[in-house]
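Have a look at the structure below before the remarks.
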Ligand SMILES: [Zn+2]
């Protein structure tokens, strides 16, 4: 097994590591609604960034543009996406209730070579943990907004949002979901 894969597996299985990270940096109660929304936003952003890695090459080969302009355009896109990713991570850490120094440190680390990958990985692990502790199901692309609604408004149907106050049948009268 490659050393890199082994390291990743260790990071994933050592559950106490993010726990230490959380207890030392969290100074405020996390805003679960914002945290879920921002993590979802950031995960999609990462997908877009990965997709963009391939676009300059595809455009260059397909349309025969001047390679210098393509290189410049690729650099500009890369720069913009880097800034957007930093802003995304900072907003996520703020919603998680981290100490301002922690937020600044991570923001600076994002600029370091390969730092953004490390920070994204650690922040994603930590945020996933915070969201799971709040009782949310976290998928590959974050939390379904309906899941957040279920936690914030326990009186509403998790499937359709129907108000279930006083419901005794155990079944949502609107969509038929079992409660
Ligand atoms: Zn329903």
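Data table
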item: Subset tally (residues that are without any contact (Cβ under 8 Å) to a residue 24 or more places away in the chain and surrounded by 13 or more Cβ atoms within 10 Å (Cβ to Cβ)) for region 106-117; result: 4
item: Flag for residue 113 being out of contact with any helix residue (DSSP H, G or I) (no Cβ under 8 Å at 6 or more places or on another chain), in a loop (DSSP other than H, G, I, E, B) and modelled with pLDDT of 85 or more; result: no
item: Condition met for residue 159 (within 11 Å of the ligand (Cβ to nearest atom) and under 22 Å from residue 41 (Cα atoms)); result: yes
item: Criterion (closer than 25 Å to residue 31 by Cβ, in contact with a helix residue (DSSP H, G or I) (Cβ under 9 Å, 6 or more places away or on another chain), assigned to a loop (DSSP other than H, G, I, E, B) and touching a residue at least 24 places away in the same chain (Cβ under 8 Å)) met by exactly one of 120, 136, 131; result: 136
item: In region 142-163, the residues that are assigned to a loop (DSSP other than H, G, I, E, B), modelled with pLDDT of 85 or more and crowded, with 17+ Cβ neighbours inside 10 Å; result: 143
item: Only one of 145, 173 that is in contact (Cβ under 8 Å) with a residue 40 or more places away in the chain and within 16 Å of the ligand (Cβ to nearest atom); result: 145
item: Condition met for residue 122 (exposed (fewer than 15 other Cβ atoms within 10 Å of the Cβ), more than 15 Å from the ligand (Cβ to nearest atom), assigned by TED's automatic domain parsing to the domain that holds residue 34 and under 20 Å from residue 91 (Cβ atoms)); result: no
item: Residue ID - farthest from the chain's Cα centre (by Cα), chosen from residues in region 165-179 that are in a loop (DSSP other than H, G, I, E, B) and surrounded by 13 or more Cβ atoms within 10 Å (Cβ to Cβ); result: 167
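The values are calculated or read from the model by the stated rules, or taken from the named source; none is laboratory data. The model shown is predicted, which means the values in this text are computed figures rather than measured ones. Positions of Cβ are backbone-derived with ideal geometry, glycine not excepted, and every protein chain shown enters the neighbour counts.
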